[in-house]
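Coordinate-derived values only; no laboratory data. Since this is a predicted model, take the numbers as computed values, not measurements. Here the Cβ positions follow ideal geometry from the backbone for every residue, glycine too, while neighbour counts run over all protein chains shown.
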């Protein structure tokens, strides 16, 4: 049976920081010292830099937590909180861009063999006729035969997904992917 690890729950807001200006603010029945100083520093940082910050607990198996820690350290996260915030933001963005009427920015990547008859012309024509704004297009020669096309598009979510699907499904495109985001997330 796997052991589990837990993260403590608490809430911080400006109303929680009412005692930080009192230099004699004490914890634990009147004891003073290093812990009180550290607590005041953390409380002060919380109230100044992270207004309305909520903390919550997560219970995970130790091996899952260890794998998560290794993964986030490998990409440069300084702590779990930042990684979890990014996961939550990404989840919320992906839910939002799935809505038909949401303003969506998409990056379509296509890899194709330029020797396929008129494929470049067909892809360009599809972009010109699209019901979305094609903001930019980048064409890279990968090798003697293969090209990478990166297309940045913006429009209603349903239209962005529609044109990306058509571009990716075009005969001669070896593989493609759509990555979406929205400028409307303010978290």
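Specify the inter-centroid distance of the range 157-186 and the range 84-122, based on alpha-carbon positions, in whole Å. Each part reduced to its Cα centre gives a spacing of 4 Å.
Determine, from the Cβ-Cβ distance of residue 53 and residue 137 and an R0 of 35 Å, the FRET efficiency 1/(1 + (r/R0)^6), rounded to the nearest 0.05. Here the calculated transfer efficiency is 0.25. Taking the fewest neighbouring Cβ atoms within 10 Å as the starting point, the ordered list for 137, 59 is 59, 137. Would you calculate the separation in nanometres between label points at residue 148 and residue 86, each defined as 7 Å from the Cα along the Cα-to-beta-carbon direction? Output for this residue pair reads 2.0 nm. The stretch between residue 115 and residue 64 holds 13.7 nm of extra length on full extension. This uses 0.36 nm per residue minus the Cα-Cα distance. Size of the range 103-181: Rg and Dmax of its alpha carbons, in Å, are 11.8, 38. Sorting the Cα pairs of the range 69-140 by distance into bins of 5 Å, from 0 upward, gives 3, 11, 15, 14, 12, 13, 13, 10, 7, 2, 0 percent per bin.
Note on residue 128/residue 174: beta-carbon distance plugged into 1/(1 + (r/R0)^6) with R0 of 35 Å gives a FRET efficiency of 0.95.
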